[in-house]
Amino acid sequence: MDQISRRRFLLTMLGTGTVVAFGSVLYFDRDLVTRRHAELLDPYQETALRAFLPVILNGVISRQTDQRAEQMDHLIRQIELALKYLPEFSRDQFFELLSLLSRRLSRWALAGQWQQLDQLTMAQRMTLLQEWRHSFLDLLQQAYQGLREIVLAAWYGEPSHWSYLNYQKPSWVVPGR
């Protein structure tokens with residue numbers, strides 16, 4: 001059995017303590033309870049989510065400013081629609097993640113950033129997501145997977161985006177017609 005290093009132990013305890021502290025803050029956050037029933041992103045959550053959309057959809061979303069804004073607005077509405085079909089626990093976790101990312105102290109704990117996410121460069125946002133993806137904390141890996149999966153599902157759930165995958169809708173031929 002491998003021995004755990006002192007450094008890894010301290011980092012794990014620090015991460016666990018941070019998660020517990022912010023979890024208790026969220027547990028008593030009345031704003032989250034009311035959001036739970038609204039099932040819509042508040043402006044702060046939406047800003048946090050919008051910061052990640054171009055990173056997750058890198059190379060697919062339009063580079064033209066007006067077209068990009070329209071695509072992102074539509075994508076946000078699709079994500080909100082998709083959230084309605086998630087189990088309540090998963091939906092609550094998604095709202096909690098975005099709420100944490102919209103607050104300065106919790107954003108610093110999760111992302112190591114004091115700045116708003118939309119003020120970071122694309123490279124900084126990519127690095128952040130890659131750090132979450134390869135983190136030793138399961139919570140950060142889940143945050144990465146959850147963000148990525150809901151965004152990709154909402155984007156590629158649109159038949160107009162299937163061409164990016166070279167997917168052709170099957171045509172059904174009925175014999176005898």
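The values are calculated or read from the model by the stated rules, or taken from the named source; none is laboratory data. Since the model is a prediction, treat every value here as computed from it, not as a measurement. Backbone-built Cβ (ideal geometry, glycine too); neighbour counts: all protein chains shown. Areas reflect the complete protein model, heavy atoms only, side chains present, ligands, DNA and RNA absent. Shrake-Rupley method; radii C 1.70, N 1.55, O 1.52, S 1.80 Å.
Every condition in (1) within 30 Å of residue 12 (Cα to Cα); (2) among the polar types (S, T, N, Q); (3) modelled with pLDDT of 90 or more is met by residue 116 except one, and the failing one is (3).
I'd like the full set of residues that are among the β-branched types (Val, Ile, Thr) and modelled with pLDDT of 80 or more, limited to region 55-69.
At the first step, the residues of region 55-69 found to be among the β-branched types (Val, Ile, Thr) are 55-56, 60-61, 65.
Hits for region 55-69 are 55, 56.
Among the residues of region 120-134, those identified as without any contact (Cβ under 8 Å) to a residue 12 or more places away in the chain and either polar (S, T, N, Q) or open to solvent by less than 60 Å² (accessible area, probe 1.4 Å) (or both) are 121, 124, 127, 130. Flag not set for residue 163, criterion: of a type in the set (Gly, Ala, Ser) and surrounded by 13 or more Cβ atoms within 10 Å (Cβ to Cβ). Scanning region 135-156 for residues that are in contact with a Leu (Cβ under 9 Å, 6 or more places away or on another chain) and loosely packed, with under 13 Cβ neighbours inside 10 Å returns a single hit, 136. Note on region 57-96: residues that are of a type in the set (A, V, I, L, M, F, W, C), within 18 Å of residue 160 (Cα to Cα) and either part of a helix (DSSP H, G or I) or in contact with a strand residue (DSSP E or B) (Cβ under 9 Å, 6 or more places away or on another chain) (or both) amount to 7.
Every residue, every condition in (1) hydroxyl-bearing (Ser, Thr, Tyr); (2) closer than 23 Å to residue 109 by Cβ; (3) within 15 Å of the chain's Cα centre (by Cα), yes or no:
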{"residue": "135", "(1), (2), (3)": "yes, yes, no"}
{"residue": "140", "(1), (2), (3)": "no, yes, yes"}
{"residue": "150", "(1), (2), (3)": "no, yes, yes"}
{"residue": "155", "(1), (2), (3)": "no, no, yes"}
{"residue": "159", "(1), (2), (3)": "no, no, no"}
{"residue": "162", "(1), (2), (3)": "no, no, no"}
{"residue": "166", "(1), (2), (3)": "no, no, no"}
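For region 73-91, give me each residue that is open to solvent by less than 20 Å² (accessible area, probe 1.4 Å) and without any contact (Cβ under 8 Å) to a residue 60 or more places away in the chain. Result: 76, 80. Taking the listed residues 68, 107, the one that is under 19 Å from residue 158 (Cα atoms) and either over 11 Å from the mean Cα position of the chain (by Cα) or without any contact (Cβ under 8 Å) to a residue 40 or more places away in the chain (or both) is 68, with no other qualifying.
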